[in-house]
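For reference, the structure discussed in these notes is given below.
Rule-based calculations on the coordinates, nothing more; no lab input. Just so you know, these numbers come straight off a predicted model, no measurement behind them. All Cβ positions, even for glycine, are placed from backbone atoms using ideal geometry, and neighbour counts span all protein chains on display.
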Amino acid sequence: MIATAHHLSSTDIVLIVVVVVLVAVTGFLAMSETAITRVSKVKAMTLVEEQRRRAKTLLRLVEHIDRVLPVILFALELCTLVAATLVGVVAAHAFGGLGVLIATVFEVVVIFVVAELAPKTWAVQHPDQAALIASPLIRLLVAFKPIGWVTRALIRITNALLPGKGIKAGPYTSDQMLRAIADEAAEEDVIEHEERTLIHSIIDFGDTVVREVMVPRPDMVAVESYARISDVIDIVIPAGFSRIPVYSQGIDDVSGIVYVKDLMQAEREGRGEGQVSEVMRDPRFTPESKRVSELMREMQAGKFHMAIVVDEFGGTAGLVTLEDLIEELVGEITDEYDIEETPTEKLDDGTFVVNARMPVDEVNELLEHVEQADLPESEDWDTVGGLLYSLLGHVPSEGECAEVDGHRLTAELVQGRRIGRVRIAVLPSAVAGSTGTGEP
C-alpha cells in the first residue's frame with residue numbers, strides 16, 4: 001500500500017516553524033564555534049587595537065574559551081537533536097511510514113548542509129568577521145545561567161567517565177603548530193621574516209642541550225696553571241678573549257678561569273712574573289646533556305659567563321659561554337676580534353659547502369626547499385661533520401664522500417683528524433634511505 005500524505009494540522013505548522021528557527025540557530029552556533037575557536041587571543045587583542053566593533057567582547061570570550069566552548073557545543077547539539085526529532089514527528093504524521101525516509105533525507109541534506117557545513121565553511125573563510133558577528137549573542141548565551149548549570153553538570157558526568165583535568169589544562173598548541181603559525185604570519189607579512197626566525201629559535205631553545213652549542217675541546221684556548229702572567233697576556237690578547245680556562249695536570253683537569261682584567265691588573269702591580277694560578281677564579285662546570293635554557297638561568301643567577309662542559313666520564317668536552325647561549329636565540333654575534341667565517345656557500349652547480357660544525361637540523365632547514373628526505377638526526381652525532389664521520393667509519397681524506405637519504409656528503413676540507421668543511425649535493429635519482437661510501 002502506498003502511503004498518502006495527510007493534511008497538516010495547526011500543530012504541525014507550528015512544529016515546522018520551530019524546526020526552521022532551530023535550523024537557523026544551529027547554523028549560527030556552528031558558525032560561532034568554528035570562528036571563535038579559530039581566533040587566538042593574540043588575534044583578538046589585535047582586533048581590539050584596531051578598534052574593531054565588538055572586538056572587546058570577542059577578547060573576553062577567547063580569554064575564557066574553556067567556559068565558552070562547552071556552552072556552544074551543548075546548545076548546538078541540543079538544537080540539532082530537537083530539530084531532527086521534530087522533523088521526524090511532522091514527517092511521520094504527514095506521510096506515515098514514508099515519513100521516516102523523508103525525515104532522514106531532510107536531516108542529512110538540509111541540517112548537515114544548511115546548518116552545519118555551509119556556516120562552518122563561511123566561518124573558516126572569514127574567521128574574524130564571523131567571530132565579531134557572533135560574539136554579542138554568544139556572550140548572552142554564556143551569561144544565561146540555566147544552560148551553564150546544565151553544561152557543568154554534564155561535564156562532571158563526562159569527567160567521572162573519563163577522569164582528567166579537562167580542556168582547561170589541555171595542550172592547545174604544539175611546537176609544530178606554533179612554527180606553522182609563524183610561517184603563515186611571515187608569508188602574509190603580518191610579521192617580518194627575522195621575527196619568524198626568532199620565534200623558531202625560541203621554540204627550539206627549550207630542546208637544545210649544551211653539547212650542541214659548546215666550543216669543542218680541540219677549539220679551546222687554555223693555559224697551564226704554572227704559566228707566567230705576562231706570557232698568558234700575550235696569548236689572550238691576540239686571541240680576543242676576555243677569559244680562558246686554566247688547567248693543572250691536563251685539559252681534563254681544569255682548575256680555574258682567568259680574566260684578562262685580572263691579568264692586566266696583576267701586571268700593572270708588578271706581578272707579571274708570577275703564575276697565573278695566583279689570579280685565576282674558581283671554574284663552573286656543567287654536564288653536556290644540560291638544557292641551555294636551564295644553564296642560562298644558572299648563569300644569570302650565579303653571575304658567571306663561562307662554564308666548563310664535562311662528559312659522562314668527567315673529562316672536559318668543551319666550554320660554553322653566555323654569548324654561545326644568546327647566539328642560539330638571535331644568531332651569530334660577531335665583534336671586532338672575531339674572524340668571521342662564511343658558514344654556508346651555495347655554488348653554481350646547486351651544491352652547498354658548509355662548516356662541518358653546522359648542526360644537522362640547521363642543514364635540513366637550509367635544504368628544506370629541496371623535495372628530498374632530510375639528513376638523518378641521531379644522538380650519535382650533532383653536526384654534519386659528525387654525520388659524515390659516522391657514515392665513513394674513519395677519518396676521511398679530502399674529497400672522500402658518502403651518500404645518505406638522497407644526499408652526497410663530501411669532505412671538502414680536512415685539517416689533521418678534523419673535518420673542516422663539507423660539500424652537500426642533492427641526488428634527485430637516489431633512493432631515499434640508501435647509504436654508501438666511495439670516492440668522487
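With each pseudo-label sitting 7 Å past Cα toward Cβ, what's the Ala92-Ile13 distance in nm, one decimal?
2.4 nm
How large is the charge dipole for the chain, taken about the Cα centre, if only the Cβ atoms of Lys, Arg (+1) and Asp, Glu (-1) carry charge, to the nearest 20 debye?
Computed about the Cα centre, the dipole is about 3520 debye.
Along the charge dipole of the chain, Cβ charges K/R +1 and D/E -1, which of Ala103, Gly270, Met299 sits furthest on the positive end?
Ala103
So what's the net charge close to Ile244: Lys and Arg +1, Asp and Glu -1, counting the other residues with Cβ under 13 Å from its Cβ? Could the numbers behind the result be given before it?
Working: positive: Arg243, Lys261, Arg281; negative: Asp219, Glu224, Asp231, Asp234, Asp262.
The answer is -2.
Round to the nearest 0.05 the FRET efficiency obtained for Val20 and Val100 when R0 = 25 Å and r is the Cβ-Cβ distance.
Step by step, r from the Cβ atoms, then E = 0.75.
Quickly work out the Ala185-to-Asp207 label distance, labels modelled 7 Å from Cα along the C-beta direction, and quote it in nm with one decimal.
1.9 nm
Work out how much length Ala227 to Leu427 would gain on full extension: take 0.36 nm times their residue separation and subtract the Cα-Cα distance, in nm to one decimal.
Length gained, Ala227 through Leu427: 66.7 nm.
Nearest 0.05, what FRET efficiency do Glu379 and Asp348 give at R0 = 30 Å with Cβ-Cβ as r?
Calculated value: 0.25.
Between region 64-122 and region 292-331, what is the C-alpha centre distance in whole Å?
Value for the Cα centre distance between the two parts: 60 Å.
Out of all DSSP beta bridges in region 210-330, what portion is antiparallel? Express it as a percent rounded to 5.
Counting DSSP beta bridges with both partners in region 210-330, the antiparallel share is about 75 percent.
Using θ = phi - 60° and the Karplus form 6.51 cos²θ - 1.76 cosθ + 1.60, what ³J(HN,Hα) does each residue of region 390-402 get, whole Hz, x for Gly and Pro?
5, 5, 7, x, 7, 6, x, 9, 4, x, 6, 9, 8
Over 31 Å between C-alpha atoms is what I'm after, so list which of Lys43/Lys303; Lys41/Lys145; Lys41/Lys346; Lys43/Lys120 land there.
Details: Lys43/Lys303 38 Å; Lys41/Lys145 25 Å; Lys41/Lys346 41 Å; Lys43/Lys120 19 Å.
Correct reply: Lys43/Lys303; Lys41/Lys346.
Pick out, from Phe241, Leu76, Ile181, the residue whose Cα sits farthest towards the positive end of the charge dipole of the chain, with +1 on the Cβ of Lys and Arg and -1 on the Cβ of Asp and Glu.
Checked the options; the winner is Leu76.
Among Val213, Pro127, Leu325, whose Cα lies farthest out toward the positive end of the dipole of the chain, if unit charges sit on the beta carbon of Lys, Arg (+1) and Asp, Glu (-1)?
My answer, from the dipole projection, is Pro127.
Counting alpha carbon pairs within less than 8 Å and at least 6 residues apart, what relative contact order, in whole percent, applies to the chain? Working shown, then result.
Values: 607 pairs, mean separation 43.0, N = 440.
About 10 percent, as a whole number.
Rank-order 49-57, 271-279 by packing density, defined as the average count of other C-beta atoms within 10 Å over each peptide's residues, highest first.
Answer by packing, highest mean first, reads 271-279, 49-57.
Stretch Val108-Arg54 to full length: gain in nm at 0.36 nm per residue minus the Cα-Cα span? Walk me through the numbers on the way to the answer.
On the way: separation 54, 0.36 × 54 = 19.44 nm, distance 3.41 nm.
Going from the current span to full extension adds 16.0 nm.
Go ahead and estimate [θ] at 222 nm for the chain from helices alone: -39,500 (n - 2.57) per DSSP H run with n ≥ 4, summed, over the residue count, rounded to 500.
Calculated at 222 nm, the ellipticity per residue is -15500 deg cm²/dmol.
Express in nm, to one decimal, how much length is gained between Leu413 and Arg297 on full extension, taking 0.36 nm for each residue of separation and deducting their alpha carbon distance.
Contour length minus the Cα-Cα distance gives 38.0 nm.
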